[in-house]
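Trainee: Can you read through this structure? Questions will come right after.
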Amino acid sequence: MITSKEFVERLKSMRPNCYMHGQLIQRDDPRMMTSMKDILMTFDLVDDPGYKDFITATSHLTGKTINRFTHIHQTVDDLLKKQMMTRVLSRLSGTCIQRCMGVDMMNALSVVTKEADDKNGGKTEYYERFKAFCKEFQEKDMVGAAAQTDVKGDRLLRPHEQADPDLYMRVVERNAKGVVVRGCKVHTTVGPYCDELIVTPCRTLTKEEGDWSICFSIPADTKGVHMLIEAANPTPRKAFPAEVEKHGIAHSVTIFDDVLVPWDRVFLDQDPQLGGRAALLFALYHRHSYTGCKPAYTDILMGTTALIAEVSGIEKEQHVRHKLAEMISIAELVYAAGIAAAHTATKASSGTMIPNVIYCNVGRKHAGVNIYHEYDTLCDICGGQPQTMPYEEEYADPKWRAYLDKYFARKKDVSPEIVHRAFRLAQDLIAGPVASNMQIAGVHGGGSPIMEDIAILGNYPIEEKKNIARRLAGIPEKEIKPKEPKK
Ligand SMILES: Cc1cc2nc3c(=O)[nH]c(=O)nc-3n(C[C@H](O)[C@H](O)[C@H](O)COP(=O)(O)OP(=O)(O)OC[C@H]3O[C@@H](n4cnc5c(N)ncnc54)[C@H](O)[C@@H]3O)c2cc1C
């Protein structure tokens, strides 16, 4: 394992290929340092007695102690620890822990590469390549970005039907050295500060779409890769420094301009069926990660709601208590779905544990449909102050501070500073740049709501439920075969 300092040194040695506000930026640009703070935390906490038991794991490939964000889940306990780690660390960061993307991709590839070799009867060596890469990923303690979502053009047309075939990432050449890929992945979280871009298709594919079924990983500064960056960083504090101002998040539009991927980094090619399987598996692992991070975010919104109610003197009001009970129900039901998904996980031929598709998806769906409702609750209890309060410079000026302390006081025994701090946090959470990131991620991260419905309906035994109704109604039941999970 490496330290966060070593990680930043490694980033600095990479070829600059990230563009932001019209400039080519360095990977350790101060704005990126804020965006990557959560990632740095995942290196820093491995020796902390309060965290190391779940942030580290034992590699099934080397037997060495590794960061859990590079681990391939071997047991139910591994899935449970990943979920718990995600909740605990996301609470500390106040945003999204970000390093889950890479580990979710690695787990998906560990399953698909082995299934491809099994299917091809030894004619391919994807799994051996993957294991060699995975060892390197673990030894170097790498951070991976999931470059999955394509730009997708006309949403109702398949990749091979698009006016421009490059609207989904595809192979444009195969040669002795490897494959040449062209396309553009979007919303790539951690793109500007990852070691590797791990790529899979983003949807199921048809038999015409062998060239679009490519899975691979390459260093993020590979020749031909260009990244256009957006960063959602909190507003820096002037009067009331706080942890929340240190953690942001950044994404990239990731352009692959005829990029050569060497064969040892190609993990699937010309197999539309398994290309689609890779897409769904990443989404599945990622939705399981959401059953950890989303409850953490509800914890943060709920804690802030309760704190604002306390400083305002309304914490015992019945409507406030009911709203808190609702938030608790959301957080704990989503978390419980992730626990259930781990306990009913199945083992892939590679030995990797695959969490239960129904529990992961219903948990993620429950989180998604409630996300704006949770913001609504915090907004309701805060009143309008998070939007209209003066800037921190006015709090830092003793002349105005005296007025602000006098007129913004709430409950008698609560100091004005605590009131200011509580509302400034609420402002960061519901009215700042990170807020919009968390809201939109809460709906679309890991796939839009419709994709969860498709996964649920495609895997749920509705026919069994109809038989329950038939029996109760006195209608003869139909014989049904048990439903296999969709591949
Ligand atoms: C903050 C954030 C972080 C993210 N991080 C990552 C990341 O790290 N890596 C990554 O790969 N992706 C990431 N994503 C992408 C995320 O998975 C996508 O946003 C999601 O899959 C939706 O894709 P889209 O944004 O292109 O929306 P669209 O595909 O345009 O979907 C919008 C809506 O259009 C409709 N629609 C779309 N296609 C169809 C269709 N075929 N038929 C009918 N209706 C349709 C649906 O109603 C859907 O909800 C991130 C997203 C966000 C917001």
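Table: residues versus (1) surrounded by fewer than 18 Cβ atoms within 10 Å (Cβ to Cβ); (2) farther than 20 Å from GLY94 by Cα; (3) more than 16 Å from the ligand (Cβ to nearest atom).
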| residue | (1), (2), (3) |
| --- | --- |
| VAL369 | yes, yes, no |
| TYR372 | yes, no, no |
| ARG401 | yes, yes, yes |
| GLU417 | yes, yes, yes |
| GLY447 | no, yes, no |
| GLY458 | yes, yes, no |
| LYS465 | yes, yes, yes |
| LYS478 | yes, yes, yes |
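Trainee: Let me ask something additional. When both residues are 6+ apart or on different chains and their Cβ atoms are under 8 Å apart, which pairs have a first residue that lies in the stretch 450-465 and is β-branched (Val, Ile, Thr), and a second that is surrounded by 13 or more Cβ atoms within 10 Å (Cβ to Cβ)?
Mentor: Pairs found: ILE456/ILE358; ILE456/ASN361; ILE456/VAL362; ILE456/LYS365.
Trainee: Is the stretch 219-241 home to any residue that is within 15 Å of the ligand (Cβ to nearest atom), more than 15 Å from the chain's Cα centre (by Cα), farther than 28 Å from LEU80 by Cα and outside any strand (DSSP E or B)?
Mentor: yes
Trainee: Just give me the residues in the stretch 141-181 being at positive phi, under 21 Å from the mean Cα position of the chain (by Cα) and either within 16 Å of the ligand (Cβ to nearest atom) or exposed (fewer than 14 other Cβ atoms within 10 Å of the Cβ) (or both), in sequence order.
Mentor: LYS152, the sole residue that qualifies.
Trainee: Could I ask something else about it? Tell me yes or no: at least one residue of the stretch 196-203 is within 13 Å of the ligand (Cβ to nearest atom), within 28 Å of GLU230 (Cα to Cα), in contact (Cβ under 8 Å) with a residue 24 or more places away in the chain and surrounded by fewer than 24 Cβ atoms within 10 Å (Cβ to Cβ).
Mentor: Scanning the stretch 196-203 turns up at least one residue that is within 13 Å of the ligand (Cβ to nearest atom), within 28 Å of GLU230 (Cα to Cα), in contact (Cβ under 8 Å) with a residue 24 or more places away in the chain and surrounded by fewer than 24 Cβ atoms within 10 Å (Cβ to Cβ).
Trainee: Related question: For the structure I just gave you, tell me whether VAL186 is among the aliphatic types (A, V, I, L, M) and within 16 Å of the ligand (Cβ to nearest atom).
Mentor: yes
Trainee: In addition: Looking only at residues in the stretch 288-316 that are farther than 24 Å from CYS100 by Cα and polar (S, T, N, Q), which one is nearest to the chain's Cα centre (by Cα)?
Mentor: THR304
Trainee: I've got another one for you. Report yes if ASN437 is at pLDDT below 95, surrounded by 15 or more Cβ atoms within 10 Å (Cβ to Cβ) and either near the ligand (Cβ under 10 Å from one of its atoms) or within 16 Å of the chain's Cα centre (by Cα) (or both), otherwise no.
Mentor: Answer is yes for this residue.
Trainee: Oh, and also: Please tell me if GLU452 is more than 30 Å from GLU245 (Cβ to Cβ) and within 16 Å of the ligand (Cβ to nearest atom). Steps first, please.
Mentor: Working: more than 30 Å from GLU245 (Cβ to Cβ): yes; within 16 Å of the ligand (Cβ to nearest atom): yes.
So GLU452 passes the test.
Yes/no per residue for (1) in the same structural domain as LEU79 (by TED's automatic domain parsing); (2) buried (at least 24 other Cβ atoms within 10 Å of the Cβ):
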{"site": "GLN273", "(1), (2)": "yes, no"}
{"site": "ARG287", "(1), (2)": "no, yes"}
{"site": "CYS293", "(1), (2)": "no, yes"}
{"site": "ILE300", "(1), (2)": "no, no"}
{"site": "GLY303", "(1), (2)": "no, no"}
{"site": "ILE308", "(1), (2)": "no, yes"}
{"site": "VAL311", "(1), (2)": "no, no"}
{"site": "GLU315", "(1), (2)": "no, no"}
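Trainee: Out of (1) more than 14 Å from the ligand (Cβ to nearest atom); (2) touching a residue at least 24 places away in the same chain (Cβ under 8 Å); (3) charged (D, E, K, R), the odd one out for ASP117 is which?
Mentor: Exception for ASP117: condition (2).
Trainee: In addition: Given (1) part of a strand (DSSP E or B); (2) under 22 Å from the mean Cα position of the chain (by Cα), where does ARG203 come up short, assuming only one miss?
Mentor: (1)
Trainee: Look at the stretch 228-286 and say how many of its residues are among the aromatic types (Phe, Trp, Tyr) and closer than 19 Å to THR189 by Cβ. Explain how you work it out, then say what you get.
Mentor: Restricting attention to the stretch 228-286, the residues satisfying the condition of being among the aromatic types (Phe, Trp, Tyr) are 240, 256, 263, 267, 282, 285.
Then keep just the ones that are closer than 19 Å to THR189 by Cβ; that gives 256, 282, 285.
Adding up the residues that qualify gives 3.
Trainee: Quick check: is even one residue across the stretch 131-152 assigned to a strand (DSSP E or B), without any contact (Cβ under 8 Å) to a residue 40 or more places away in the chain and over 30 Å from ALA426 (Cβ atoms)?
Mentor: Within the stretch 131-152 (the criterion being assigned to a strand (DSSP E or B), without any contact (Cβ under 8 Å) to a residue 40 or more places away in the chain and over 30 Å from ALA426 (Cβ atoms)), the answer is no, since none of the residues qualifies.
Trainee: Looking at (1) buried (at least 22 other Cβ atoms within 10 Å of the Cβ); (2) out of contact with any Cys (no Cβ under 7 Å at 6 or more places or on another chain); (3) small (Gly, Ala, Ser), which one does ALA426 not meet, given that it meets all the others?
Mentor: Failing condition for ALA426: (2).
So that you can scan it fast, the table gives a plain yes or no per residue for (1) under 22 Å from ASN437 (Cβ atoms); (2) in contact with an Asp or Glu (Cβ under 9 Å, 6 or more places away or on another chain):
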| site | (1), (2) |
| --- | --- |
| GLN270 | no, yes |
| PHE282 | yes, yes |
| VAL311 | no, no |
| GLU315 | no, no |
| LYS323 | no, yes |
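Trainee: Look through ASP413, ASP405, ASP376 and report the one residue that is within 29 Å of GLU230 (Cβ to Cβ), among the charged types (D, E, K, R) and not assigned by TED's automatic domain parsing to the domain that holds PRO241. First the steps, then the outcome.
Mentor: On the way: ASP413 fails: within 29 Å of GLU230 (Cβ to Cβ); ASP405 fails: within 29 Å of GLU230 (Cβ to Cβ).
From the options ASP413, ASP405, ASP376, the qualifying one is ASP376.
Trainee: Over 21 Å from THR298 (Cβ atoms) and either away from the ligand (no atom under 16 Å from the Cβ) or more than 23 Å from the chain's Cα centre (by Cα) (or both): which single residue out of ARG424, ARG471 fits that description?
Mentor: Being over 21 Å from THR298 (Cβ atoms) and either away from the ligand (no atom under 16 Å from the Cβ) or more than 23 Å from the chain's Cα centre (by Cα) (or both) holds for just one of ARG424, ARG471, which is ARG471.
The values are calculated or read from the model by the stated rules, or taken from the named source; none is laboratory data. These figures come from a predicted structure and were not determined experimentally. Note: ideal-geometry Cβ built from the backbone for every residue, glycine included; neighbour counts use all protein chains shown.
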